[in-house]
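Worksheet: the structure to be examined is printed underneath.
The values are calculated or read from the model by the stated rules, or taken from the named source; none is laboratory data. All of these numbers come straight from a predicted model, not from anything done at the bench. With ideal geometry, Cβ positions are generated from the backbone for all residues, glycine too; neighbour counts draw on all protein chains shown. Areas reflect the complete protein model, heavy atoms only, side chains present, ligands, DNA and RNA absent. Shrake-Rupley method; radii C 1.70, N 1.55, O 1.52, S 1.80 Å.
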Amino acid sequence: MNRETVVLNPRLAWREIQGRVVVISPEDSVVHELNETASFIWKHAERGRNVSEIADLLTTEFRVDAAQAQADTEGLLAVFSQKGLLAN
Amino acid sequence: MNATPVMDRLVGRSMKGSVPLGVHFDVTYRCNERCVHCYLDHEDYGELETPEVKNILTQLAAAGTLMLTFSGGEIFLRKDFFELLEFARSLHFDITLKSNALMITAERAVRLRELGVRQIQISIYSAEPEVHDAITKVRGSFARSLQAIRFLKTQGLHVKIACPLMKQNLSGLRRLRILADELSVPYVIDMTVTPKLDGDTSILAMRNSADELVDVIQDASLRGQATPDDAAESVVGSAVSSGIESDAYDGIPCSAGHNTCYISPYGEVYPCVQMPIPAGNLRRESFEQIWHRSPQFARVRAIREDQLPVCAACNLRKYCERCPGLAHMEGGDLTGAYDRACELAEMKARVAGVANPLSAWHAQSRGKALAVRASGRLVQISQHL
């Protein structure tokens, strides 16, 4: 999974607004507001980074250790997936 | 209706950062219907070309616009409409379409679903074909629009019926509600026929009087149904007329110019489709320049409810859906009062049990009329002497 590129659900509408990513699903009109960490992961996923790369960037940006960054990234991506925000 | 906490925060952040969160973009004024109440001139005086629209969409995405409404005129008359739509979706906009649906085929409905359009609002004026067709002046338009709704529903798309109320269709509103139920679509009504964009007010004669609207005011179910789609839609348009209560809108008349705006097919930017105050043209200036630096937007943003010269002191404010754009168009003053809002507020107050409700504007007008009559009598008396 770590080398797997994260692919966002292309059907979603989204925008970064004042530092937070907001996502709207066209199927149910649900609005998702991502927190700072989730927004960071979203933006890097959008740029085609894989899980390991995102975790590395998280380590630098938020000054957390590698294990914590990896766990946070995988955890948030699991939530994204559960909520239908990912294509894969 | 209260905004959801997420929407409330989103509205708050967009207001704080002056982000144009919602934009209503009329991509054409051309139309294949000739609705009797329409405020537009359907001639094409040189509408934006494909690259120009794409450039504007790119600017809007950079400015933070998330909710984009494509409207017209009839949007599908643009031969490049699907190209524009595809481009808009590549920029991740949340898309609502407003259409009469005459040109929506089964194939186009499939394409709209594939592109991730969130909602399509379709104008239906009556459940009676002859009434609808008389309003659109296109024979068979009712049947074609209804067929299109079925195509869209088959694709699982969210469809909403929009019905402007006027003298021609008021009596059929209950049957329209039944039709909407049968189609399993929500509907919204609009009690406001607006003056034409060129200032012509002749179409206002089609408006129902406040007295004629008493049933609609008394029976909330006649005014349409809130849907989950509205949650995401709530930041677009008037904070007052949308019925959404958000702390972020406290103290201002509406969202126009604060986190929403309107773009015409000629690239003109207005605070709102109902506020024809051109703030700049995207053929000559960037969106960023117009949004952040135009004096027209600055003026609209400076208006505060508690500083409205007449309305601030009106004791019917809680019943009033005063629209600054209509105040400008009908009364000539963005901050002023206008008869239509006062009449509807008085009717709502009466329905709510207020005895002899009188708006501040009407009280003032009557006071002046009495003073004029009184001074007239004094003149007559002095002539007798």
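Can you tell which of B:Ala88, B:Ala109 is more than 19 Å from the chain's Cα centre (by Cα), farther than 25 Å from A:Glu46 by Cβ and crowded, with 22+ Cβ neighbours inside 10 Å? Full working, then the answer.
Numbers: B:Ala88 fails: farther than 25 Å from A:Glu46 by Cβ.
Residue meeting the stated conditions: B:Ala109.
Quick check: anything in segment A:67-83 on the phi < 0 side of the Ramachandran plot, within 14 Å of another protein chain (Cβ to nearest Cβ) and open to solvent by 10 Å² or more (accessible area, probe 1.4 Å)? Let's see the steps before the verdict.
Residues of segment A:67-83 on the phi < 0 side of the Ramachandran plot: A:67-83.
Pick out the ones that are also within 14 Å of another protein chain (Cβ to nearest Cβ) and you get A:83.
Filter once more, so that each one left must be open to solvent by 10 Å² or more (accessible area, probe 1.4 Å): A:83.
Yes, there is a match, as at least one residue in segment A:67-83 is on the phi < 0 side of the Ramachandran plot, within 14 Å of another protein chain (Cβ to nearest Cβ) and open to solvent by 10 Å² or more (accessible area, probe 1.4 Å).
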Among B:Lys137, B:Lys160, the single one that is within 14 Å of another protein chain (Cβ to nearest Cβ), basic (Lys, Arg) and either within 24 Å of B:Arg34 (Cβ to Cβ) or surrounded by 21 or more Cβ atoms within 10 Å (Cβ to Cβ) (or both) is B:Lys160
Close pairs (9 angstrom Cβ cut-off, 6 or more residues apart or separate chains): in a loop (DSSP other than H, G, I, E, B) in segment B:83-99, crowded, with 20+ Cβ neighbours inside 10 Å and among the aromatic types (Phe, Trp, Tyr) anywhere: B:His92/A:Trp14
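Conditions tested, residue by residue: (1) within 8 Å of another protein chain (Cβ to nearest Cβ); (2) open to solvent by less than 60 Å² (accessible area, probe 1.4 Å).
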{"site": "A:Glu4", "(1), (2)": "no, no"}
{"site": "A:Asn9", "(1), (2)": "no, yes"}
{"site": "A:Ile17", "(1), (2)": "yes, yes"}
{"site": "A:Val21", "(1), (2)": "no, yes"}
{"site": "A:His32", "(1), (2)": "yes, yes"}
{"site": "A:Ile41", "(1), (2)": "no, yes"}
{"site": "A:Ala45", "(1), (2)": "no, yes"}
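In a helix (DSSP H, G or I), closer than 30 Å to B:Tyr39 by Cα and at pLDDT below 95: is that true of B:Arg340 in this structure? Explain how you work it out, then say what you get.
Values: in a helix (DSSP H, G or I): yes; closer than 30 Å to B:Tyr39 by Cα: yes; at pLDDT below 95: yes.
When the stated conditions are applied, B:Arg340 passes them.
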Evaluation of B:Glu182 against (1) open to solvent by 60 Å² or more (accessible area, probe 1.4 Å); (2) in contact with an Asp or Glu (Cβ under 9 Å, 6 or more places away or on another chain) (one fails), failing number: (2)
Can you list residue pairs whose Cβ atoms sit under 8 Å apart, with the first residue in segment A:12-34 being within 18 Å of B:Arg113 (Cα to Cα) and touching a residue at least 40 places away in the same chain (Cβ under 8 Å) and the second being of a type in the set (Ser, Thr, Tyr) and open to solvent by 20 Å² or more (accessible area, probe 1.4 Å)? Count only pairs 6 or more apart in sequence or on different chains. none
Any chance segment B:48-61 includes a residue that's of a type outside the set (A, V, I, L, M, F, W, C) and buried (at least 19 other Cβ atoms within 10 Å of the Cβ)? no
Can you spot a residue in segment B:74-81 that is open to solvent by 50 Å² or more (accessible area, probe 1.4 Å) and of a type outside the set (A, V, I, L, M)? yes
